[in-house]
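S.K.: Have a look at this one before I ask anything.
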Amino acid sequence: MKPVRFDYHRPATVEEAIALLTRYGGEAKLLAGGQSLMPLMNFRVARPAALIDLNAIASLAYIREDDGHLRFGAMTRQRTIEFSPVVRRRLPLLAEATALVGHLPIRTRGTIGGSLAHADPSAEYPAVLTALEGTVVARGPRGERTLRASELFESYLTTNLHPDEMLIEVRVPAMPEGAGFAFEEFSRRHGDFAIVGIAAVLVVQGERCTAARLVTAGAGPVPTRLREAEEILERGGCSAAAIEAAARRAAELVEPDTDIHASAAYRRNLTRVLTGRALRRAIARMGGG
Amino acid sequence: MADLVAVRLTVNGQGREGRCETRKLLVDFLREDLGLTGTHVGCEHGLCGACTVLVNGEAARSCLMLAVQADGVEVLTIEGLSKDGTPHPLQEAFHEHHGLQCGFCTPGMLLTALDLLRTNSRPSEAEIRQGLSAVLCRCTGYQGIVKAVQAAALTLGRSPLKE
């Protein structure tokens with residue numbers, strides 16, 4: 001038996017789940033796909049007094065297209081997102097990034113809400129939510145509130161959700177038709193967390209780049225929007241020189257840490273290399289395809 | 001003694017039940033309570049893939065699920081892969097192409113490959129390698145395993161077993 005003992009609850013509704021969160025006053029953990037929480041519990045690094053299993057809340061698993069947005073129930077599985085035609089059409093960056101989340105048997109269980117609430121800075125979904133300017137809906141005993149990515153992610157594995165709040169929905173505006181996009185990451189083995197990942201989106205009209213989005217994964221405590229690198233492209237278009245300048249600027253903007261996987265200098269260099277790759281690939285597929 | 005909870009599920013087409021602590025992992029429940037020791041316990045934190053089973057038809061790590069979460073679901077383990085003593089085409093192919101040596105990772109490899117072929121009936125070599133990166137082999141290497149999955153994809157493409 002690996003995890004320590006805990007009370008186990010399997011509520012059927014969000015309201016019941018929130019009531020349980022309130023009852024345990026921060027000592028309970030929500031169990032979504034379990035692909036990050038269960039390893040922590042098996043190691044006994046996480047020792048919650050109670051687990052509130054969300055897998056029986058059927059109303060939390062959906063993908064809906066609505067008013068120029070896609071709305072995802074927090075318990076929508078990554079694998080459902082990976083194979084969703086509407087996600088491929090409206091949020092191709094999310095579809096591409098999803099195929100990089102862990103492995104096939106991880107995506108079977110893993111959920112969009114769980115990945116965002118876990119807030120691993122190396123994970124794909126926090127970077128995609130940031131790049132696509134999505135929001136999450138949190139519900140607690142005092143009602144609902146909406147948080148942007150920059151408001152949600154506080155630090156490594158830490159969000160601004162209150163202990164009695166749960167993330168119930170993810171809303172992402174559809175990408176503009178014909179936008180270029182790419183998610184590039186480097187990891188030692190396929191399926192590992194990225195040492196560095198880059199999400200890129202480019203919207204171009206004629207010679208002008210009207211919007212550029214560049215966001216890192218793994219290059220700091222939270223996904224980082226590289227605004228000054230984006231501005232180089234928005235001012236100078238998508239020439240090879242502008243891409244190179246944006247990639248160099250990206251490397252200056254990040255504040256990566258050194259850990260057992262890579263040094264800060266290595267991550268900084270990867271940021272430059274992957275930004276260049278992501279931008280070139282985004283341009284190559286612009287206008288569809 | 002902690003409270004025990006009842007777990008009722010379908011394993012390899014048969015209704016099974018047991019009672020266990022809520023903290024018991026599905027893999028330990030399969031092995032210790034149901035006696036199905038074909039599912040192997042490797043790293044116990046979702047890295048090695050040895051414990052992969054199908055849960056409602058989809059590959060999942062049984063070390064990252066609680067037994068109590070499997071209440072009411074359908075599980076396929078390695079014991080359910082052959083039919084009436086006839087090996088599944090994937091098992092035949094692993095035998096034929098030397099897709100196993102010590103056999104520890106093999107149940108996870110087979111069930112992961114089964115799910116891979118369900119969603120992609122003609123995978124490229126790269127797609128097979130990417131799919132099977134979910135399971136670690138520490139002895140044969142992957143060449144024989146990849147060949148076996150390629151061969152099984154062809155057999156299954158021709159066979160009435162294909163779902």
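Only the coordinates and a few stated rules stand behind these numbers; no lab work does. Here the structure is a predicted model, which means the values were calculated and not measured. Counting neighbours? That spans all protein chains shown, and the Cβs are built from the backbone with ideal geometry, glycine included.
S.K.: Considering the options B:114, A:242, B:131, tell which one lies farthest towards the positive end of the dipole of the protein assembly as shown, charges being +1 on Lys and Arg and -1 on Asp and Glu at the Cβ, about the Cα centre.
M.R.: A:242
S.K.: Working from Cα positions, state the angle (0 to 90°, nearest 10) between the long axis of helix A:240-253 and the longest principal axis of chain A.
M.R.: Taking the Cα atoms of chain A, the angle to A:240-253 is about 40 degrees.
S.K.: Can you quote the Å³ per residue value for the convex hull of the Cα atoms in the range B:9-83, rounded to an integer?
M.R.: Each residue corresponds to 78 Å³ of Cα convex hull volume.
S.K.: Karplus couplings for the range A:141-156 from phi (6.51 cos²θ - 1.76 cosθ + 1.60, θ = phi - 60°), rounded to Hz, Gly and Pro as x?
M.R.: With the stated coefficients, the range A:141-156 comes to x, 9, x, 9, 9, 10, 10, 6, 3, 5, 8, 6, 8, 9, 6, 3 Hz.
S.K.: Return an integer: the convex hull volume of the alpha-carbon atoms of the range B:1-140, in Å³ per residue.
M.R.: 109
S.K.: What's the average, rounded to a whole number, of partner chain beta-carbon atoms within 10 Å of each residue's beta-carbon in B:43-53?
M.R.: Mean number of neighbouring Cβ atoms from other chains: 4.
S.K.: So for the range B:54-98, Kirkwood radius off the Cα pairs, Stokes-Einstein at 37 °C and 0.692 mPa s: how many µm² s⁻¹? Don't skip to the end; give the middle numbers.
M.R.: Working: Rh = 12.2 Å.
D, rounded to a whole number, is 270 µm²/s.
S.K.: What is the fewest-to-most order of B:86, A:224, B:140 by other Cβ atoms lying within 10 Å of their Cβ?
M.R.: B:86, B:140, A:224
S.K.: So how far, in whole Å, is the C-alpha centre of the range B:1-67 from the one of the range A:190-262?
M.R.: The range B:1-67 and the range A:190-262 have Cα centres spaced 43 Å from each other.
S.K.: What whole number of Å gives the distance from the Cα centroid of the range B:94-157 to the Cα centroid of the range A:75-150?
M.R.: For the range A:75-150 versus the range B:94-157, the Cα centre distance is 29 Å.
S.K.: What's the average, rounded to a whole number, of partner chain beta-carbon atoms within 10 Å of each residue's beta-carbon in B:24-35?
M.R.: 1
S.K.: Quick check: the angle from helix A:227-236's long axis to the longest principal axis of chain A, C-alpha only, nearest 10 degrees?
M.R.: Computed tilt is about 30 degrees.
S.K.: Defining a contact as two alpha carbons under 8 Å apart and six or more residues distant in sequence, what relative contact order in percent does the range B:8-163 show?
M.R.: Values: 262 pairs, mean separation 37.7, N = 156.
This gives 24 percent for the range B:8-163.
S.K.: Hey, got the dipole for the range A:150-271? About the Cα centre, +1 on K and R Cβ, -1 on D and E Cβ, debye to the nearest 20?
M.R.: Magnitude of the dipole: close to 420 debye.
S.K.: For chain A, I need the span (max minus min coordinate) of the C-alpha atoms along each principal axis, in Å, sorted largest to smallest.
M.R.: Cα spread of chain A along its principal axes, largest to smallest: 58, 44, 33 Å.
S.K.: Separate question: Rg and Dmax of the range B:89-158, Cα atoms, in Å?
M.R.: 10.5, 32
S.K.: Let me ask something else. Sequence-distant or interchain residues sharing an amide H contact under 5 Å with residue A:193, placed H: which?
M.R.: Under 5 Å from the amide H of residue A:193 lies no amide H from a residue far enough along the sequence or on another chain.
S.K.: Given the DSSP H assignment, sum -39500 (n - 2.57) over each helix run of at least 4 residues in chain B and divide by its residue total; what's the result at 222 nm in deg cm²/dmol, nearest 500?
M.R.: After summing the helix terms and dividing by the residues of chain B, the value is -8500 deg cm²/dmol.
S.K.: To the nearest 20 Debye, how big is the dipole of the protein assembly as shown about its Cα centre, given +1 on the beta carbon of each Lys and Arg and -1 on that of each Asp and Glu?
M.R.: Its charge dipole is roughly 620 debye.
S.K.: Kindly provide log₁₀ I(q)/I(0) values, in the same order as q = 0.10, 0.11, 0.13 Å⁻¹, from the Debye equation applied to equal alpha-carbon scatterers of the range A:180-284.
M.R.: For the range A:180-284, the Cα-only Debye profile gives -0.24, -0.29, -0.41.
S.K.: Over chain A, what is the relative contact order in whole percent, taking alpha-carbon pairs under 8 Å and six or more residues apart? Don't skip to the end; give the middle numbers.
M.R.: On the way: 663 pairs, mean separation 44.1, N = 289.
Reported relative contact order: 15 percent.
S.K.: While we're on this one: Residue by residue through the range B:68-78, what is 3J(HN,Hα) from phi via Karplus (6.51 cos²θ - 1.76 cosθ + 1.60, θ = phi - 60°)? Round to whole Hz and write x for glycine and proline.
M.R.: 5, 6, 8, 4, x, 9, 10, 10, 10, 10, 4
S.K.: Here is a further query. Please list the equivalent ellipsoid semi-axes of the range A:7-56, computed as the square roots of five times the alpha-carbon gyration tensor eigenvalues, in descending order and whole angstrom.
M.R.: Semi-axes (√(5λ), whole Å): 19, 13, 7.
S.K.: Here is a further query. With runs of 4+ DSSP H residues as the only contributors, calculate the mean residue ellipticity of chain A at 222 nm using -39,500 (n - 2.57) per run, divided by the residue total and rounded to the nearest 500.
M.R.: Dividing the helical sum by the residues of chain A leaves -10000 deg cm²/dmol.
S.K.: Pairs of alpha-carbon atoms within less than 8 angstrom and 6+ residues apart define the contacts here; what relative contact order does the range A:137-185 have, in percent?
M.R.: 38
S.K.: I've got another one for you. Inside 10 Å of the C-beta atoms of A:33-42, what's the mean count of C-beta atoms belonging to other chains? Don't jump to the answer; show the numbers that get you there.
M.R.: On the way: counts 3, 7, 5, 2, 1, 10, 8, 1, 5, 8.
Mean shielding by partner chains, rounded to a whole number: 5.
S.K.: Could you check the spin-label model distance between residue A:62 and residue A:205? Points 7 Å from the Cα along Cα→Cβ, value in nm.
M.R.: For the pair residue A:62/residue A:205, the computed spacing is 3.5 nm.
S.K.: Rg and Dmax of the range A:58-172 over Cα atoms: what are they, in angstrom?
M.R.: 13.0, 38
S.K.: Continuing with the same structure: Could you derive backbone 3J(HN,Hα) for the range B:84-101 from the dihedral phi with the Karplus parameters 6.51, -1.76 and 1.60 (θ = phi - 60°), listing whole Hz in sequence and x where the residue is Gly or Pro?
M.R.: Per-residue couplings from phi come out as 6, x, 8, x, 5, x, 5, 5, 4, 5, 5, 5, 4, 9, 6, x, 8, 10 Hz.
S.K.: How many lysine pairs are close in the protein assembly as shown, with Cα atoms under 30 Å apart and the two 8 or more places apart or on different chains? Each step should come with its number before you reach the end.
M.R.: Numbers: A:2/A:29; A:2/B:24; A:29/B:24; B:24/B:83; B:83/B:147; B:83/B:162; B:147/B:162.
Close lysine pairs under the 30 Å cut-off: 7.
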